[in-house]
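Presented below is the structure to which this report refers.
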Amino acid sequence: MATREWNPLDFDIGEEEDEEGTPSPSSISPPLQYFDRDRHVAFLEMMYNLMPHHYQSQEINRLTLAFFTISGLHLLRALDRVDKDRVADWVLSFQAHPRSRAELKIGQFYGFHGSRTSQFPPDENGVSARNAGHLASTYCALAILKTVGFNLLTIDKESILISLRNLQQPDGSFMPVDVGAETDLRFVYCAAAICFMLEDWSGMDREKAKEYILKCQSYDGGFGLMPGLESHGGGTYCAVASLRLMGYIEDDLLSKTVTSSIINVPLLLDWCMQRQAIDGGFQGRANKSSDTCYAFCLEDLRGLQIH
């Protein structure tokens, strides 16, 4: 894709005013009409090689930052800039492994750690410290491995899936770790994505997860992160994506009778469309400012085969 330097003379910086002296939205100078791919690639390459000081407070989420970096390069068709085997080896080094099969039943989750700082070495007596994985970090790890072409069927998926069931709660939701954590749709999505990527649904009770998700759909059509909470763009994405991955939403849903869907699709679409703000962006909740992260919620509609 060709790129060029930004020229401020390309755009009219003047503003027209309406009768009350307020700048008209239609007269505000438009954004750049091109995408500078090379600069994006350069930034992601930097993130691949080092962690800038602005991000050092997020070291505990190192694997998540790596997911954004690798997936960004993949979307920009620049994955050739990284050593895929080296990336795979680095990611695999974060997996927590039980010392015996019996440990899979004690409640800990043997997924992936988020960073080195959450991987504790054995003490002076050789006794391993608590080394449980994190659900979101495991999702990121598997997504990275899949993106770089690693064969996920060769990893220790049994430890992941057996211990994953320890995180599912009686109401169908999931905690990200086995103690002291919240439960909401974010982690239901992580669990569904993990099982989907590993091609094995033994790690969760899909029916319970489905019932939990359905309880999260609000009166206005969107989904709250938990039952009874305000509809939220992120929660809506997690809900629809999870149902799609679990097989509860069919292909080309809108070409079939609406009554065949387990969710209220027309109300959901209405809520999604109402989230577009006057500036063209999308807001995560009603009466909030638009944010680029919520434009990602449009991916919900792809799960319903809406074009």
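The values are calculated or read from the model by the stated rules, or taken from the named source; none is laboratory data. Note that this is a predicted model, so its numbers are computed, not measured. Note: ideal-geometry Cβ built from the backbone for every residue, glycine included; neighbour counts use all protein chains shown. The area values use the complete protein model at the heavy-atom level, side chains included, leaving out ligands, DNA and RNA. Shrake-Rupley method; radii C 1.70, N 1.55, O 1.52, S 1.80 Å.
The number of residues in region 41-56 that are out of contact with any helix residue (DSSP H, G or I) (no Cβ under 7 Å at 6 or more places or on another chain) and open to solvent by 60 Å² or more (accessible area, probe 1.4 Å) comes to 7. The residues listed here are Ala239, Ala192; of these, the one that is in contact with a strand residue (DSSP E or B) (Cβ under 7 Å, 6 or more places away or on another chain) and closer than 29 Å to Thr292 by Cβ is Ala239.
The residue that is modelled with the lowest pLDDT, counting only those in region 100-118 that are open to solvent by 50 Å² or more (accessible area, probe 1.4 Å) and under 29 Å from Leu65 (Cα atoms), is Thr117. For Tyr139, indicate whether it is in a loop (DSSP other than H, G, I, E, B), closer than 17 Å to Leu198 by Cα and not β-branched (Val, Ile, Thr). For Tyr139, the condition - in a loop (DSSP other than H, G, I, E, B), closer than 17 Å to Leu198 by Cα and not β-branched (Val, Ile, Thr) - is not met. Scanning region 168-187 for residues that are part of a loop (DSSP other than H, G, I, E, B), in contact (Cβ under 8 Å) with a residue 24 or more places away in the chain and within 19 Å of the chain's Cα centre (by Cα) turns up Ser173, Met175, Pro176, Val177, Thr183, Asp184.
Within region 188-227, being over 21 Å from Asn166 (Cα atoms), open to solvent by 80 Å² or more (accessible area, probe 1.4 Å) and assigned to a loop (DSSP other than H, G, I, E, B) holds for one residue alone: Tyr219.
Within the set Leu304, Leu268, Leu298, the sole residue that is at pLDDT below 85, aliphatic (A, V, I, L, M) and open to solvent by less than 40 Å² (accessible area, probe 1.4 Å) turns out to be Leu304. The set of residues in region 75-99 being part of a helix (DSSP H, G or I) and surrounded by 11 or more Cβ atoms within 10 Å (Cβ to Cβ) consists of Leu75, Leu79, Arg81, Lys84, Asp85, Val87, Ala88, Asp89, Trp90, Val91, Leu92. Can you name every residue in region 87-103 that is under 18 Å from Thr138 (Cα atoms) and of a type in the set (D, E, K, R)? Scanning region 87-103 gives a single hit, Asp89.
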